[in-house]
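Enquirer: Please read through the structure below; I'll follow up with questions.
The values are calculated or read from the model by the stated rules, or taken from the named source; none is laboratory data. None of the values given here were measured: they were computed from a predicted structure. A quick note on method: Cβ atoms are made from the backbone with ideal geometry, for glycine too, and the neighbour counts reach across all protein chains shown.
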Amino acid sequence: MKKYTALKERADKYRDILDQVMNYREAWGKNLKKFILDGVQSVLKQTGVDARVEVEDQFENLQTISIYLGKSVSGIAETFEGGAKRSIIKDMGSLSFSQIFNGKIQVWMTFPLIEGLMQPQPPKMIGIFAPPEFNEDLILSNFDDFFKELINWENYDDDVPSPQLNKIGFGVTQPSQQES
């Protein structure tokens, strides 16, 4: 029997995890979904951000709460022969709270996109959280990360100084220990 001790511990752990998945899924339906929706609405109200909130519930236990910032005119326009112009549309990005297969919640975002002028960036995962981790501070922190990424995207600047690269090659001298 001693040779089965470690295997029995793993089997017990596996059963515990399966129970946990069921508990996490139940938590979503009992209160977490409403808690997140209320938290999202509160953030939008307090910040004055105009967004559309949708619940995607086609699949039980794989639901998503998405906050869409919508689309707007990008400020860029294509000019045609004769002076006619067509405004280029910008998708403003989104933040989503999605149930994953094990009942945990994955928080992820999509970046803004100027349609027809750039390739979309892949979505960015902000984090994966167990239902008991959710509180108002976690929701605020997720929004804070989202807004930081949007600010960085909007304020893109390739002139940010980068660390000096080590120069390697013929005729390149490195400072000696005494010079440093």
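Enquirer: How about region 28-39: which of its residues are within 14 Å of residue 135 (Cα to Cα) and free of Cβ contacts under 8 Å to residues at least 60 places away in the same chain? Step through it out loud before you land on a result.
Expert: We begin by selecting, within region 28-39, every residue within 14 Å of residue 135 (Cα to Cα); these are 28, 31-39.
Scanning region 28-39 gives 31, 33, 34, 37, 38.
Enquirer: Oh, and also: Could you list, in sequence order, the residues of region 125-143 that are loosely packed, with under 13 Cβ neighbours inside 10 Å and either part of a loop (DSSP other than H, G, I, E, B) or among the charged types (D, E, K, R) (or both)?
Expert: Correct list: 133, 135, 136, 137.
Enquirer: Within the set of pairs 6+ apart or on separate chains, which have a first residue in region 40-59 that is closer than 13 Å to residue 94 by Cβ, a second that is aromatic (Phe, Trp, Tyr), and C-beta atoms under 7 Å apart?
Expert: Every condition considered, the pairs that remain are 51/68; 52/68; 54/68.
Enquirer: Is there any pair linking a residue in region 5-27 that is at pLDDT 95 or above to one that is outside any helix (DSSP H, G or I) and surrounded by 10 or more Cβ atoms within 10 Å (Cβ to Cβ), with Cβ under 6 Å and at least six apart or on different chains, and which?
Expert: Correct list of pairs: 21/102; 21/103; 24/103; 25/61; 25/103.
Enquirer: Within region 101-116, count every residue that is surrounded by 15 or more Cβ atoms within 10 Å (Cβ to Cβ), of a type in the set (Val, Ile, Thr) and either within 25 Å of residue 154 (Cβ to Cβ) or in contact with a Lys or Arg (Cβ under 9 Å, 6 or more places away or on another chain) (or both).
Expert: 2
Each row is one residue, and each column tells you yes or no for (1) of a type in the set (D, E, K, R); (2) exposed (fewer than 13 other Cβ atoms within 10 Å of the Cβ); (3) more than 15 Å from residue 32 (Cβ to Cβ); (4) modelled with pLDDT under 90.
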position	(1), (2), (3), (4)
70	no, yes, yes, no
75	no, yes, yes, yes
82	no, yes, yes, yes
88	no, no, yes, yes
99	no, no, no, no
